[in-house]
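The values are calculated or read from the model by the stated rules, or taken from the named source; none is laboratory data. Just so it is clear, the structure is predicted and the values come from calculations on it, not from any experiment. Note that each Cβ is placed from the backbone with ideal geometry, even for glycine, and that neighbours are counted across all protein chains shown. SASA here: full protein model, heavy atoms, side chains in, ligands and nucleic acids out. Shrake-Rupley method; radii C 1.70, N 1.55, O 1.52, S 1.80 Å.
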Amino acid sequence: MAKNKNNQAIWSMRIKKNVSKLFEEVGSSIDIDKKLYKEDLRGSKVHVEMLFKQKIISFKIKNKIIYGLDKIEKEISKKNFKFSKKDEDIHMNIEKRLLEIIGEDAGYVHTARSRNDQVITDLKIWLKKDTLNIEKKLNKIIKTTLQLSEKNIKTIMPGFTHLKNAQALSFGHYLMAYVEMLNRDKKRFLNNLENLNENPLGVSALTGTSFNIDRNYTSKKLGFKHPTNNSVDTVSDRDFVLDYLYCSSVCLMHISRIAEELIIWYSDAFKLIQLDDKVLTGSSIMPQKKNPDILEYLRGKCGSVYGNLFSMLTIMKGLPLSYFKDLQDDKILIFTTSEILNNCLELLDEILKNLRPDKKRMLALAKKGYISATDFADYLVKNFSLSFREAYKKTSALVNLAEKKGKRLDELDFKDLKKIEPRINKDVTKVFNLENSVNSKKSYGGTSFENVKKMISKYKKII
Ligand code: ARG
């Protein structure tokens, strides 16, 4: 076996002193990027297969390297691998160990590549997998929401604007709004796959390589669609990182809005929903408390992820092409974001599975705030050929009258209604019925029961 130089840095011929301890501590990324070990090993194996196919390395050396890489894989997965900060990152830790295992032939593994293309190849493979995991989790929440929605097509609740009662709607329809949001998140993540499917491997440090490599081969073997087009852009580009962080931010912003809404509905003031004890916590001093801590956790978590998006945007700003150490921070931002997002998706699913609407309270609240005023205005337009603005004025007068008398619109005497519009007849009372109100919104995308039912089955088919 060749002399084992495993105590020296790869560049020790050129850089004669050990790097300052201080920098070794902060400059090393191994604690973070060891997460990429599987992707890195897979990339290296495909790379040496290609080098052999292209007659750049011999059969014997290729096999030796693959043997060493397989051994390293076992060591890492069995936690028998000693990661060292001295060797900076996952790429050099693996190459260093390969040298220990197979000797100087390990040196062939880095022919026609650089850590610059290696690291983004690993990261893209990792992100593709994570994107598909996120898709699965979003599908799961969508399914849970569809089930809850299906049970509540006819549950009537107040719809709010400005948190004031606006118009009555189906709780099922309301939940389908969540489905739309989550489905857009899914599409947004999946849109990233096109860029993630471009293979960086082989652009080497920044210019490409003079070796006769086959980038189409490595693309195919690593599950990419095709190689990237420009070597300089490839090692400089972190748009795919920003895309992921942006998609995660939007998804967590949605989760935060949903959480906030549920917190309000769960509050003692609203009491529109009940939550199972499983998703509630108590207070150390107030024995009566059942707090929605998990929802508050979900509401807050987008803060850290927005921070990650802004960190990456700021790192990229003003950075000349091509590779700089600044880029190394992309991985911690990706990994922490992924952990937060994946947790929050699971938690949201759990919350939705443990939530029940208080149908009585929903209906009681929906009856407040003159919620059918717009229905009355529409009735006047349809029956007496009034312009909407005229009908709006008459309805305002009706609401003022009801307010003065301290009554709901449906409690007013028929003669009071006649004062507003003498031509109306008794069938007007129908418009104050909330079920009729909800069911009358048959325009595409509206809240009528039939619409909600159709939308649920449409989604059930595509999920
Ligand atoms: N650990 C490095 C990173 O994550 C890999 C690329 C290093 N390249 C270099 N020229 N120093 O960015």
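Points worth noting:
- The fraction of accessible area contributed by carbon and sulfur in region 55-134 is 52 percent, rounded to a whole number (1.4 Å probe; ligands and nucleic acids excluded).
- Close amide H contacts of residue 238 (hydrogens built in the peptide plane, cut-off under 5 Å, sequence separation of 5 or more or a different chain): none are found.
- For residue 379, neighbours were defined as the other residues whose beta-carbon sits under 10 Å from its Cβ, and their charges (Lys and Arg +1, Asp and Glu -1) total -2.
- Mean accessible surface per residue for the chain, computed with a 1.4 Å probe while every protein chain stays in place, in Å²: 52
- Span-like helix criteria (full DSSP H runs; alpha carbon extent of at least 15 Å along the helix axis; mean Kyte-Doolittle hydropathy of at least 0.0) are satisfied in the chain by 90-102, 239-266, 302-316, 330-353, 373-384.
- Accessible area (Å², 1.4 Å probe, nearest 10) - residue 261: 50
- In region 36-79, lysine pairs with alpha-carbon atoms under 24 angstrom apart (chain gap of 8 or more, or interchain): 29
- Probe 1.4 Å, all protein chains present, accessible-area order of 361, 115, largest first: 361, 115
- When 423, 113, 356, 215 are compared by accessible area of protein heavy atoms, the largest-first order is 356, 423, 215, 113, using a 1.4 Å probe.
- Sites matching chymotrypsin sites (Phe, Trp or Tyr not before Pro) across region 423-463 that sit in DSSP coil, with at most 15 neighbouring C-beta atoms within 10 Å: 444
- Solvent exposure ordering (accessible area, 1.4 Å, most first) of 226, 110: 226, 110
- Here the accessible area is traced with a 1.4 Å probe on the protein chains. For region 291-416, carbon and sulfur cover 54 percent of it.
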